[in-house]
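Encoded as structure tokens, the structure appears first; notes follow it.
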Amino acid sequence: MADPLIIAGRSFESRLVVGTGKYASHEIMKAAHEASGTGMATVAVRRVDLTARGEGALLSWIDQSHIFLLPNTAGCYTADDAVRTARLGREAGLSNWVKLEVIGDERTLFPDNEGLIAATKILVKEGFVVLPYTNDDPIVCRKLEDAGAAAVMPLGAPIGSGLGIQNPNNLIIIKEQARVPVIVDAGVGTASDAAVAMELGADGVLMNTAIAGAGDPVLMAGAMKRAIEAGRMAFLAGRIPRKRYATASSPLDGLIGR
């Protein structure tokens, strides 16, 4: 089924976006990426040696002929810091795309939405394609879109928590009002969480820990690929209404003896 994810005019066959951190080895990361079928991987600008070359360099283990690099501003706690980091990634030749993170709290890693909106406005004016990581707040998502974000990336639950989708109704509202793609970012723990996000109408899901931290990251990556596909198909198909009481699977009308 041809159903690409389109962001800022760029088409991706897969609706699964993956990370590059926390893997036990570069070899496992590469195998997991292949199993996931992803077309986009996010890389932390501040945590990667952009000048490194050879087998020890993270970027050499990412098949950039099939996987688009999405630099991120992980570890930034102010708008100014996030803007500088995004510029550094672009100057290093990574991309003019950025997964924008402005963290507001060290313990929860919840976003600083005020700083996030400010940084989005600055980077959009400088020609960046901005994908901001934000709370699952419909108002903030709308403001980010108005600021020029190419997609909005509300969290499903705190980063790395594995709690799954905590506020499904918020995600439904965000999707209903959005004019840009909605990508659930953070909180996915297992394949069913990813499927739920897609069934709610999300255009994609970004995850890292759920794959990298699994007992078998490569096997989990394959599971996530299938969950994303199944959830998307279920959303497009349209689920049956929820009812309080049973409805017979086989119609009773026309049965002999009735």
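The values are calculated or read from the model by the stated rules, or taken from the named source; none is laboratory data. On a predicted model such as this, the values are computed, not experimentally measured, just so you know. Positions of Cβ are backbone-derived with ideal geometry, glycine not excepted, and every protein chain shown enters the neighbour counts. The area values use the complete protein model at the heavy-atom level, side chains included, leaving out ligands, DNA and RNA. Shrake-Rupley method; radii C 1.70, N 1.55, O 1.52, S 1.80 Å.
Side notes on the structure shown:
- More than 12 angstrom apart: percent of Cα pairs within region 177-225: 60 percent
- Cα pair distances exceeding 18 angstrom across region 1-130, given as percent: 56 percent
- Just checking the listed ones, 248, 24, 202: in the Gaussian network model of the chain with Cα springs under 10 Å, the one fluctuating most is 248.
- Equivalent ellipsoid of region 111-205: semi-axes from √(5λ) of the C-alpha gyration tensor, largest first, are 23, 13, 11 Å.
- Computed in the context of the full set of protein chains, the accessible area of the chain at 1.4 Å probe radius has 51% of its extent on carbon or sulfur.
- The separation of region 24-88 from region 164-221, counted between C-alpha centres, amounts to 20 Å.
- For the chain, the longest principal axis of the C-alpha atoms and the axis of helix 26-36 are separated by about 30°.
- The packing ranking, built from the mean of other Cβ atoms within 10 Å per residue, places the peptides 213-225, 36-48 in the order 36-48, 213-225, highest first.
- Counting only protein chain heavy atoms and rolling a 1.4 Å probe, the accessible areas of 23, 133, 245 rank, largest first, as 245, 23, 133.
- Rounded accessible area per residue of region 101-258, 1.4 Å, Å²: 52 Å²
- Heavy-atom accessible area for residue 235, with the other protein chains in place and a 1.4 Å probe, reaches approximately 80 Å².
- Qualifying trypsin sites (Lys or Arg not before Pro) for region 87-131 [loop in DSSP, other Cβ within 10 Å: at most 10]: 107
- With all pairs of different C-alpha atoms in the average, the Kirkwood value for the hydrodynamic radius of region 1-72 is 12.9 Å.
- Accessible area in the full protein assembly, largest first, 1.4 Å probe, for 124, 188: 124, 188
- Under the combined filter of DSSP loop state and at most 15 neighbouring Cβ atoms within 10 Å, region 1-85 retains these GluC sites (Glu not before Pro): 13, 55.
- Of 22/143; 99/143; 22/225; 30/175, those spanning more than 24 Å from alpha-carbon to alpha-carbon: 22/143; 30/175
- Electrostatic tally near residue 217: other residues with Cβ closer than 14 Å to its Cβ, Lys and Arg +1, Asp and Glu -1, net 0.
- In the chain, helical runs assigned H by DSSP with n ≥ 4 each contribute -39500 (n - 2.57); averaged across all residues and rounded to the nearest 500, the mean residue ellipticity at 222 nm is -10500 deg cm²/dmol.
- Rg to Rh, two decimals, where the chain supplies the alpha carbon set and Rh follows Kirkwood: 1.04
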